[in-house]
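Bear in mind these aren't lab numbers, they're just calculated from the coordinates by the rules spelled out. These numbers come from a predicted model, not from an experiment. Because the Cβ atoms are built from the backbone with ideal geometry, glycine has one as well, and the counts that use them run over all protein chains shown.
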Amino acid sequence: MTDIAKAGTFSLGDRTVKRLGYGAMQLAGPGVYGPPKDRDAAIAVLRAAVAQGVDHIDTSDFYGPHVTNQLIREALHPYPDDLVIVTKVGAKRGADASWNPAFSAEELTQAVHDNLRNLGVDALDVVNLRLMFDVHGPAEGAIEAPLTVLADLQRRGLIRRIGLSNATRAQVAEGRRITEIVCVQNQYNLAHRGDDALIDELATAGTAYVPFFPLGGFSPLQSTALSEVAARLGATPMQVALAWLLRRSPNILLIPGTSSLGHLRENLAAADLTLPDDAMVALDGIGAA
Ligand SMILES: NC(=O)c1ccc[n+]([C@@H]2O[C@H](COP(=O)([O-])OP(=O)(O)OC[C@H]3O[C@@H](n4cnc5c(N)ncnc54)[C@H](OP(=O)(O)O)[C@@H]3O)[C@@H](O)[C@H]2O)c1
């Protein structure tokens, strides 16, 4: 079994986690809505992740809704002391499975209580405020009001640490004036590199950057250069995509998502792969193209 600690660790505020983690979104039903096709398989993936050393799981109560948190609780509660569960608030699902903003004080407070109940904890390890000025990507807009609500819940002991998701550089700066921001979770992978400058800034500040869709999300990455590098190194394209992120910057924490035990093992084995310089150059060309 791969020793995922080989990929190193980074901090989430005052906690340290391994750089290879797991994202639970794929465990809900189709379109991240409703229950999984195979509940036992979903539970088995979560248990296998932790058994293989994962100590950082990303989730949200709006996956399902409620489904992934309930699966995490059933699979893993009582939680190991070293496990950090990162959740997010700021959206709610419509009956048609749509993703809608939920930023009022009442909605945010309700979402925190839903997460506490469904995860079965007294305090949430990390809560990301998922910004929804544009659901598909970072867009400017003031975050003081919703972030202040979370900071108040943090003072009341219901939230331990706060991060931002789908955030611009200006919003990260604004957030820092309100409370400590321990992580930023935005879309980023070797073909989608809009956050290059932000990642470097966060690395300098010692703040974690957690790319969502590290494998391309609902349309997994496909590229000739990626396949060629993978074939040359005797790895899979998905392992190379993860190894590229690991080498891209030391503050990047990985949360690849899968509902498959085989893919989980494959993704965690990216810890065994160190990309040589010429492979990094070839892969950097994908984002530049
Ligand atoms: N903050 C946000 O707005 C936001 C948005 C999206 C996601 N997230 C978080 O980020 C995490 C990661 O994103 P994601 O799961 O959407 O996308 P991802 O990790 O980029 O890719 C997941 C997709 O790749 C497939 N896959 C995984 N491993 C594979 C492998 N080794 N070979 C081939 N296919 C593979 C999965 O299918 P199988 O199930 O068949 O393996 C799934 O379709 C999520 O779980 C969630 O926690 C956050």
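Taking N as the residue count of the stretch 123-173, its C-alpha radius of gyration divided by 2.2 N^0.38 Å amounts to 1.14. Spin-label pair R156-F218: with each label point 7 Å from Cα along the Cα-Cβ axis, the two points sit 3.4 nm from one another. Summary of packing: across the peptides 94-103, 164-173, 180-189, the per-residue average of other C-beta atoms within 10 Å ranks them, highest first, as 180-189, 164-173, 94-103. Note on the stretch 155-289: percent of Cα-Cα distances in each 5 Å bin, starting at 0 and stopping at the bin with the largest distance, equals 2, 10, 20, 21, 18, 13, 9, 5, 2, 1, 0.
Only Lys, Arg, Asp and Glu count, each charged at its Cβ (+1, +1, -1, -1), so figure out the dipole size of the stretch 192-251 about its Cα centre, rounded to 20 debye. All intermediate terms of the calculation are to be shown ahead of the outcome.
Working: 4 positive and 5 negative charges, 45 e Å.
Here the stretch 192-251 has a charge dipole of around 220 debye.
In nm, what is the difference between 0.36 nm times the number of residues separating R193 and Q110 and their Cα-Cα distance?
Numbers: separation 83, 0.36 × 83 = 29.88 nm, distance 3.41 nm.
Once the chain is fully extended between R193 and Q110, it gains 26.5 nm.
Extension gain, A145 to A5, is 46.5 nm, computed as 0.36 nm per intervening residue step minus the present C-alpha separation. Between R39 and D14, the modelled label-to-label distance comes to 3.8 nm, taking each label 7 Å out from Cα in the direction of the beta carbon. Separation of the stretch 33-93 from the stretch 227-257 is 23 Å, based on Cα centroids.
Over the stretch 208-289, what is the mean sequence separation of C-alpha contacts under 8 Å (at least six apart), divided by residue count, expressed as relative contact order in percent?
On the way: 78 pairs, mean separation 30.6, N = 82.
Once divided by the residue count of the stretch 208-289, the mean separation gives 37 percent.
For the chain, what is the relative contact order in percent, using Cα pairs closer than 8 Å and at least 6 residues apart in sequence? It comes to 20 percent, rounded to a whole number.
If you bin all the Cα-Cα distances of the chain at 5 Å, starting from zero, the percentages per bin are 1, 6, 13, 17, 20, 18, 14, 8, 3, 1, 0. Label-to-label distance for N100 and A48 is 3.7 nm, based on points extended 7 Å past Cα in the beta-carbon direction. Once C-alpha pairs closer than 8 Å and six or more residues apart are averaged by separation and normalised to the residue number of the stretch 30-99, the relative contact order reads 37 percent. In summary, the lysines within cross-link reach of K6, defined as a Cα separation below 16 angstrom excluding same-chain residues under 8 places away, comprise K18.
Other residues with beta-carbon under 12 Å from the beta-carbon of L233 carry, at +1 per Lys or Arg and -1 per Asp or Glu, a net charge of -2.
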